[in-house]
Amino acid sequence: MSQDSNDDQRSEVEHLKQRSRHLRGTLEQSLDDAVTGALREGDPQLGKFHGFYQQDDRDLRVERLRRKLEPAWSYMIRVRMPAGLCSPQQWLALSALARTHANGTLRLTTRQAFQYHGVIKRELKATMQGINATLLDTIAACGDVNRNVMVTARSELAAVHEAAVADARAVSEHLLPRTRAYHEIWLDGEKLAGETDEEPIYGATYLPRKFKISFAIPPVNDVDVYAQDLGFVAVVENGALAGYTVTVGGGMGVTHGDDATYPRLADPLGFVTRDQVVAVAEQVVCVQRDYGDRGNRKHARLKYTIADRGLDWFRGEVEARLGFALQPPRETAFETNGDAFGWTRCDDDRWNLTLFVPGGRLLDNDKVRSLRALEQLAEDHARGFILTGNQNVVVTGIDAASRETVDALLAESGLAALQPAHPLEARAIACVALPTCALAMAEAERALPSLTGEVHARLERHGLGDQPVSLRVSGCPNGCSRPYLAEIALVGKAPGRYNLHLGGDLRGERLNRLYAENLPEDRILDTLDGLFAKYSAERDTDEPFGDFLHRSGVLGAHAGGEGRADA
Ligand code: SRM
Ligand code: SF4
């Protein structure tokens with residue numbers, strides 16, 4: 001059902017957006033209401049467009065219910081950081097906010113952003129103001145709009161990275177909502193009388209669903225470009241960025257037991273030059289605005305619009321609106337979707353340092369002081385920071401003479417752990433899941449260290465301890481860790497139970513397959529143990545685990561990766 005369809009068939013969220021006066025709703029009244037830690041009905045949904053989620057601590061849910069207390073409400077806030085870039089000054093200010101206004105942790109996300117957890121309602125406005133004071137913001141970090149635009153965190157060619165970042169920033173700015181609601185509510189901006197806001201791109205009801213864009217710079221696909229609604233894959237000629245192959249219609253989200261939902265790899269749409277990027281992004285968004293399903297939110301992503309109507313139809317719509325034809329897509333060649341840890345030399349006498357952040361969580365406790373260590377790097381050594389799409393961080397521009405000091409600082413902070421212990425850990429990703437995520441069915445981030453250790457022990461048993469294998473864990477089928485691209489994925493089904501997916505690759509180019517459903521952890525480990533034994537005995541030289549599972553017939557009739565997985 002498209003935007004001009006019969007109102008009665010639209011989902012409740014569509015009506016809410018329509019009534020919201022461009023995302024104002026009753027957010028101001030909700031914030032003033034001191035009786036509850038929650039927001040008024042409808043406002044949590046609108047809050048997403050402003051960059052926050054209302055959550056409750058699920059570890060405390062039952063106990064608080066027993067004591068007849070309202071849930072332990074708090075807020076997750078997501079910072080919009082195109083390309084994951086942040087200056088040392090911004091880092092220090094954002095880190096300080098984690099200590100003073102949130103739960104003392106900074107969470108690095110799979111979309112190169114920061115998240116705060118545990119912000120209580122009366123701190124919400126001050127936190128938003130603190131973030132905005134750093135010249136970053138949270139608008140459109142969530143909601144039915146274009147989200148944080150990603151860019152591959154590393155490129156051997158600094159000029160190509162710089163150019164891609166500039167293009168990503170232009171797209172991000174162009175697709176921002178224009179409503180003044182954000183400034184009015186959070187920054188005490190002047191109020192507009194009536195409904196005079198204009199949303200030239202989005203219209204009054206914004207998009208049917210969230211929308212995600214990334215820019216990938218081959219050979220590194222750390223942004224998993226084929227999982228995005230819209231992707232720009234850099235085409236480099238003679239060391240310069242010539243343009244991009246545009247990809248459309250990727251996405252991960254699935255609902256257990258609902259065959260009409262599935263993960264999908266994006267298709268190549270065409271080639272564009274750099275000056276066409278913003279226009280193409282706008283028109284892709286506008287076609288989805290007009291044709292995306294506004295009746296069923298589980299069928300409202302661009303991937304379904306394209307799967308239902310066909311890629312040729314979609315290209316035709318985009319080209320008609322652009323007024324020109326897209327050139328044929330150029331070949332793309334990725335080698336990895338992982339991060340490369342440790343020191344790499346920049347052009348001048350400076351170095352970058354890529355640090356492994358377990359579970360994407362920076363924090364200080366009796367074992368590690370990662371939050372503080374990153375602050376020290378920001379204070380004394382870093383020229384900048386780049387968050388990666390794998391929840392890690394690149395500290396940029398460190399003076400060559402400071403390398404030993406930095407290594408010593410990290411060791412003192414208990415941060416040998418900021419380098420992965422083995423290749424499995426280097427590629428292991430988990431979504432947040434419990435206790436904050438309302439949708440989690442099983443543990444993910446909190447279970448990752450033990451799961452990684454157990455899986456690695458099985459690999460070692462078969463002499464595979466140094467083998468790069470990708471492991472991703474999601475607490476539910478929504479797929480925030482992009483699990484359907486991993487060689488091994490655990491997708492939460494119930495506490496302690498997961499669906500086991502197998503057969504992705506190490507480049508983010510192939511979807512895996514559902515291998516077994518609803519297994520407890522010990523059965524998953526036993527299953528993997530058996531498969532590792534076979535892999536160890538029968539693999540070809542340098543054959544990755546996911547490729548082996550396909551070639552050897554382990555994945556049976558499922559082999560092939562034609563772009564749709566049984567999830
Ligand atoms: Fe996600 C919902 C966390 C990246 C697919 N995601 C959520 C919520 C907000 C739960 C909710 O709706 O109540 C989670 C908040 C948990 C918490 O407590 O923090 C959440 N998603 C995350 C993060 C933090 C995972 C992480 O550990 O890094 C990532 C934040 C990214 C960011 O900075 O913007 C995150 N989510 C993703 C990705 C990966 C990506 O974008 O590359 C996906 C898969 C790609 C895609 O969108 O298809 C993803 N999240 C979803 C979905 C399924 C969407 C769908 O099409 O069905 C939901 C549920 C929904 O939207 O209804 C969801
Ligand atoms: Fe929550 Fe599910 Fe996303 Fe994990 S995958 S953060 S459990 S919505």
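The values are calculated or read from the model by the stated rules, or taken from the named source; none is laboratory data. Bear in mind the structure is a predicted one, so any value in this text is a computation, not a measurement. As a convention, Cβ positions derive from the backbone with ideal geometry for all residues, glycine included, and neighbour counts pool all protein chains shown.
Residues that are of a type in the set (A, V, I, L, M) and not in a loop (DSSP other than H, G, I, E, B) within the range 144-160 comprise MET150, VAL151, ALA158, ALA159, VAL160, listed in sequence order. Here ALA400 meets the list (1) away from ligand 1 (no atom under 16 Å from the Cβ); (2) within 26 Å of ARG99 (Cβ to Cβ) almost entirely, failing just condition (2).
Can you confirm whether the range 334-342 contains a residue that is over 22 Å from the mean Cα position of the chain (by Cα) and either closer than 23 Å to ARG482 by Cβ or surrounded by fewer than 21 Cβ atoms within 10 Å (Cβ to Cβ) (or both)? Scanning the range 334-342 turns up at least one residue that is over 22 Å from the mean Cα position of the chain (by Cα) and either closer than 23 Å to ARG482 by Cβ or surrounded by fewer than 21 Cβ atoms within 10 Å (Cβ to Cβ) (or both).
Condition check ((1) assigned to a loop (DSSP other than H, G, I, E, B); (2) farther than 22 Å from GLN228 by Cβ; (3) touching a strand residue (DSSP E or B) at 6+ places or on another chain (Cβ under 9 Å)) across all residues:
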site	(1), (2), (3)
GLN288	no, no, yes
THR305	no, no, no
PRO329	yes, no, yes
THR332	yes, no, yes
ASP339	yes, no, yes
THR344	no, yes, yes
ASP347	yes, yes, no
LEU353	no, yes, yes
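Every condition in (1) of a type in the set (Ser, Thr, Tyr); (2) under 30 Å from ALA444 (Cα atoms); (3) modelled with pLDDT under 95 holds for THR332 except the one numbered (2).
One residue alone among ASP144, ASP222 is at pLDDT 95 or above and farther than 16 Å from ARG482 by Cβ, and that residue is ASP144. Considering ALA164, ALA153, ALA168, ALA141, the condition of being crowded, with 23+ Cβ neighbours inside 10 Å and either of a type in the set (Lys, Arg) or under 14 Å from TYR182 (Cα atoms) (or both) is satisfied by ALA141 alone.
When the range 427-441 is limited to residues that are under 17 Å from GLY389 (Cα atoms) and within 7 Å of ligand 2 (Cβ to nearest atom), the one that is surrounded by the most Cβ atoms within 10 Å (Cβ to Cβ) turns out to be CYS431. Can you tell me which residue is farthest from ligand 2 (Cβ to nearest atom) among those in the range 486-528 that are on the phi > 0 side of the Ramachandran plot and not polar (S, T, N, Q)? Once the filter is applied, the top-ranked residue is GLY503. Scanning the range 27-37 for residues that are within 29 Å of the chain's Cα centre (by Cα) and among the polar types (S, T, N, Q) returns a single hit, SER30.
Residues of the range 217-244 that are under 11 Å from THR332 (Cα atoms), of a type outside the set (A, V, I, L, M) and crowded, with 24+ Cβ neighbours inside 10 Å: ASN221, PHE232, TYR244. The residue that is nearest to ligand 2 (Cβ to nearest atom), counting only those in the range 442-473 that are part of a loop (DSSP other than H, G, I, E, B) and aliphatic (A, V, I, L, M), is ALA444.
Residue-by-condition table, conditions (1) more than 16 Å from ligand 1 (Cβ to nearest atom); (2) under 15 Å from SER172 (Cα atoms):
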| site | (1), (2) |
| --- | --- |
| ALA96 | yes, no |
| THR109 | no, no |
| LYS121 | yes, no |
| THR127 | no, no |
| LEU136 | no, yes |
| VAL145 | no, yes |
| LEU157 | yes, no |
